[in-house]
Amino acid sequence: MKNLYAFFLSLFTLLLFYSCTGDQNQVVEKSDYYTEQYRPQLHFSPEANWMNDPNGLVYHEGEYHLFYQYYPDSTVWGPMHWGHAVSTDLVRWEHLPIALYPDSLGYIFSGSAVVDIDNTAGFAKDGETAMVAMFTHHDIKGEQAGELDFQTQSIAYSVDKGRTWTKYEGNPVISNPGIKDFRDPKVVWDNERSQWVMVLAAYDKAMFYTSPNLKEWTYASAFGIEGDQRLWECPDLFPMQVKGTDEIKWVLLVSIQKQGPNGGTATSYFIGDFDGENFIADHRKQEWLDHGKDNYAFVTWSNIPATDGRTMGIGWMSNWQYAQKVPSEKWRSAMTLPRELQLRKDGNLYRLTNVPVKELRRLEKSAIEVFNLPEIALNTYELPKGKGLYRFKLRCDEPMSTMRIRLRNSLGEWLEFGYFANDEYYFIDRRNAGKDDFQADFRGYHTGYALYPKDDILMDVILDHSSIEIFADDGQCAMSDIFFLKEPFDRVELVAACADLEFEVIDLDGIW
Ligand code: FRU
């Protein structure tokens, strides 16, 4: 009897144990995935460890590929790999295994990818199509030995939709000409001249190369600003049609390591023409793609189908000033939202605008709150209690004074953004938006000028748990800033004086 009792007791305990641990595991998996403090819910971030620049952006057979600078062993920068993710809609991402590992030629630094439709490199066999990636091999031993030629350019290919990669046995395909900073090749197909064109960063300038087959490259020319001694990185070169016309201009994006519009690193652009060998800028003046503090190494997707026709890209949503010190524990950094670029002409000036891709509208929930407001508004609204992810849309006709939108939580943390009517600039103030003592350059108030000041202002704002992106005046002034709150915002205050004012709060779903 005693034994029987003991038997049933242990059976019961065992069943209880399995049912609990089984349940727990399920709960752990579901509730813990991507729910850590600070974890972006609208933006791509790696599951764990260090990420910087987006790399190898290419569309192929229904998938947008996002490779990225990745160090899988730590939350700070280290021996670089290419991490990999894909999306079918630019909204939700699927993590894939690491695509490229360091090898005897070095770490795998930034670069790009193309689809070799005509098999110019000969990597594809019958019925196959090859994706070709071009990247910088960074030989750490050479760097440590004080040599100059430790960065070279190499290629790798995949014939299985980017799932596995083979490095070309003839690497490197471009050796180093004696320039210490010689990296980040971005390849584009030049349709007019039927050639591959590659731009890379060579210290304080961009250098252009051409090739018939992605393996043999010929130096063509260089472009820089006289007297500029800042380090250039992650360039991109592509043609664009000027909105509303048949005119084609070429855009050169360049990321700059110092003296961004609000300090530190930032992405800039030049507009001009490309004759197959030389880039001729209309003005040597650099413009900023984004006036916030956190959009670096922004580059575009290649091989977007002509039926789509958009130019789209993504940037790294951080700044080298503090990227390795931000307080997320398990992973470091996120990408910006994928954005559509447009080229507009106003008078003699060309401007590049950027707005979130239209696919993000899929995250807008049906519960939309619209506030039609009187001329002068000073109101506080409770934010809809969803996932803490919002899109704000504002239209203010004839702004009469400063417009301020302040987000608050019950701990007294706040983030403010808005428009200064007198000086015609937009701003983000993150000086009270949570943790900011990890690095002196982080705390700040950032401004971006309205390009074409006009009578009415429009703001499209996307708020994630740890970032805000403002797209003012249809993307003429974009600003991206990150922050680290203790608790999500629950209220929004609006102070504005306009001839007519509309304010809309849209509750968003997360992407994970
Ligand atoms: C830009 C950059 C690139 C380089 C990579 C290394 O953020 O410095 O120039 O290829 O990061 O991770």
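Within the set Tyr350, Tyr390, Tyr381, the sole residue that is within 29 Å of Ala499 (Cα to Cα), among the aromatic types (Phe, Trp, Tyr), surrounded by 20 or more Cβ atoms within 10 Å (Cβ to Cβ) and touching a strand residue (DSSP E or B) at 6+ places or on another chain (Cβ under 7 Å) turns out to be Tyr390. The condition of being surrounded by fewer than 18 Cβ atoms within 10 Å (Cβ to Cβ) and either in contact with a strand residue (DSSP E or B) (Cβ under 8 Å, 6 or more places away or on another chain) or farther than 17 Å from Arg183 by Cα (or both) holds for only one of Gly127, Gly83, Gly56, that being Gly127. Which of the residues that make up segment 120-158 are outside any strand (DSSP E or B) and within 29 Å of the chain's Cα centre (by Cα)? Correct list: Thr129, Asp139, Ile140, Glu143, Phe150.
Here is a list: Pro185, Pro172. Which entry is within 16 Å of the ligand (Cβ to nearest atom), more than 19 Å from Asp53 (Cβ to Cβ) and surrounded by 14 or more Cβ atoms within 10 Å (Cβ to Cβ)? Step through it out loud before you land on a result.
Details: Pro185 fails: more than 19 Å from Asp53 (Cβ to Cβ).
Step by step, each of Pro185, Pro172 is checked, and only Pro172 is within 16 Å of the ligand (Cβ to nearest atom), more than 19 Å from Asp53 (Cβ to Cβ) and surrounded by 14 or more Cβ atoms within 10 Å (Cβ to Cβ).
Residues that are under 22 Å from Asp441 (Cα atoms) and crowded, with 23+ Cβ neighbours inside 10 Å were ranked within segment 228-255; the one that is nearest to the ligand (Cβ to nearest atom) is Glu233.
Scanning segment 92-117 for residues that are more than 30 Å from Lys358 (Cβ to Cβ) and more than 18 Å from the chain's Cα centre (by Cα) yields Pro97, Ile98, Leu100, Tyr101, Pro102, Asp103, Ser104, Leu105, Gly106, Tyr107, Ile108. Pairing residues of segment 126-149 that are under 23 Å from Ala99 (Cα atoms) and outside the structural domain of His65 (by TED's automatic domain parsing) with residues that are of a type outside the set (Gly, Ala, Ser) and not in a helix (DSSP H, G or I), at Cβ distances under 6 Å and at least 6 apart in sequence or on separate chains, gives no pairs at all. Scanning segment 181-210 for residues that are assigned to a strand (DSSP E or B), without any contact (Cβ under 8 Å) to a residue 60 or more places away in the chain and over 12 Å from Asp236 (Cβ atoms) yields a total of 5.
You will find that of Glu29, Glu36, the residue that is at pLDDT 60 or above, farther than 28 Å from Gly111 by Cβ and over 17 Å from the mean Cα position of the chain (by Cα) is Glu36 and no other. Note on segment 430-449: among residues that are at negative phi and part of a strand (DSSP E or B), the one that is surrounded by the fewest Cβ atoms within 10 Å (Cβ to Cβ) is Tyr445.
Checking each residue in segment 380-424 for being among the basic types (Lys, Arg) and under 23 Å from Gly510 (Cβ atoms) picks out Lys385, Lys387, Arg391, Lys393, Arg408.
Looking only at segment 235-257, which residues are more than 16 Å from Asp53 (Cα to Cα) and not in a strand (DSSP E or B)?
Within segment 235-257, Lys243, Gly244, Thr245, Asp246, Glu247 meet the criteria.
Of Ala202, Ala156, which residue is hydrophobic (A, V, I, L, M, F, W, C) and within 18 Å of Gln257 (Cβ to Cβ)? None of the other options fit; the residue is Ala202.
This table checks each residue for (1) within 17 Å of His65 (Cβ to Cβ); (2) at pLDDT below 95; (3) surrounded by fewer than 21 Cβ atoms within 10 Å (Cβ to Cβ); (4) away from the ligand (no atom under 16 Å from the Cβ).
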| position | (1), (2), (3), (4) |
| --- | --- |
| Ala156 | yes, no, no, no |
| Arg163 | yes, no, yes, yes |
| Lys167 | no, no, yes, yes |
| Val197 | no, no, no, yes |
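Is there a residue being of a type in the set (Asp, Glu) and out of contact with any strand residue (DSSP E or B) (no Cβ under 6 Å at 6 or more places or on another chain) anywhere in segment 155-166? Within segment 155-166 (the criterion being of a type in the set (Asp, Glu) and out of contact with any strand residue (DSSP E or B) (no Cβ under 6 Å at 6 or more places or on another chain)), the answer is yes, since at least one residue qualifies. Residue selection: Arg332 satisfies the criterion of being more than 24 Å from Leu451 (Cβ to Cβ), touching a residue at least 24 places away in the same chain (Cβ under 8 Å), in the same structural domain as Trp93 (by TED's automatic domain parsing) and basic (Lys, Arg).
Within segment 403-429, how many residues turn out to be modelled with pLDDT of 95 or more, among the hydrophobic types (A, V, I, L, M, F, W, C) and assigned to a strand (DSSP E or B)? Here the count works out to 7. The residues in segment 37-63 that are out of contact with any Phe, Trp or Tyr (no Cβ under 8 Å at 6 or more places or on another chain) and among the aromatic types (Phe, Trp, Tyr) can be counted, and the count is 0.
Can you say whether Glu329 is modelled with pLDDT under 95 and of a type outside the set (Ser, Thr, Tyr), as far as the supplied structure shows? Quick ask: steps written out before the conclusion?
Numbers: modelled with pLDDT under 95: yes; of a type outside the set (Ser, Thr, Tyr): yes.
Yes, satisfied.
Is there a residue in segment 263-272 that is polar (S, T, N, Q), modelled with pLDDT of 95 or more, assigned to a strand (DSSP E or B) and away from the ligand (no atom under 13 Å from the Cβ)?
Narrowing segment 263-272 to residues polar (S, T, N, Q): 265, 267-268.
Right, trim to modelled with pLDDT of 95 or more and you get 265, 267-268.
Restricting the remaining residues to those that are assigned to a strand (DSSP E or B) gives 267-268.
Right, trim to away from the ligand (no atom under 13 Å from the Cβ) and you get 268.
Checking segment 263-272: at least one residue is polar (S, T, N, Q), modelled with pLDDT of 95 or more, assigned to a strand (DSSP E or B) and away from the ligand (no atom under 13 Å from the Cβ).
Can you find, within segment 272-308, the residue that is farthest from the chain's Cα centre (by Cα) among those that are β-branched (Val, Ile, Thr) and under 13 Å from Pro235 (Cα atoms)? Before the answer, list the steps.
To start, the set of residues in segment 272-308 that are β-branched (Val, Ile, Thr) comprises 280, 299-300, 304, 307.
Among the residues that remain, those that are also under 13 Å from Pro235 (Cα atoms) are: 299-300.
Working: Val299: 8, Thr300: 10 Å.
By that ranking, first place goes to Thr300.
The values are calculated or read from the model by the stated rules, or taken from the named source; none is laboratory data. Keep in mind it's a predicted model, so treat the numbers as computed, not measured. Please note: Cβ atoms are built from the backbone with ideal geometry, for glycine as well, and neighbour counts cover all protein chains shown.
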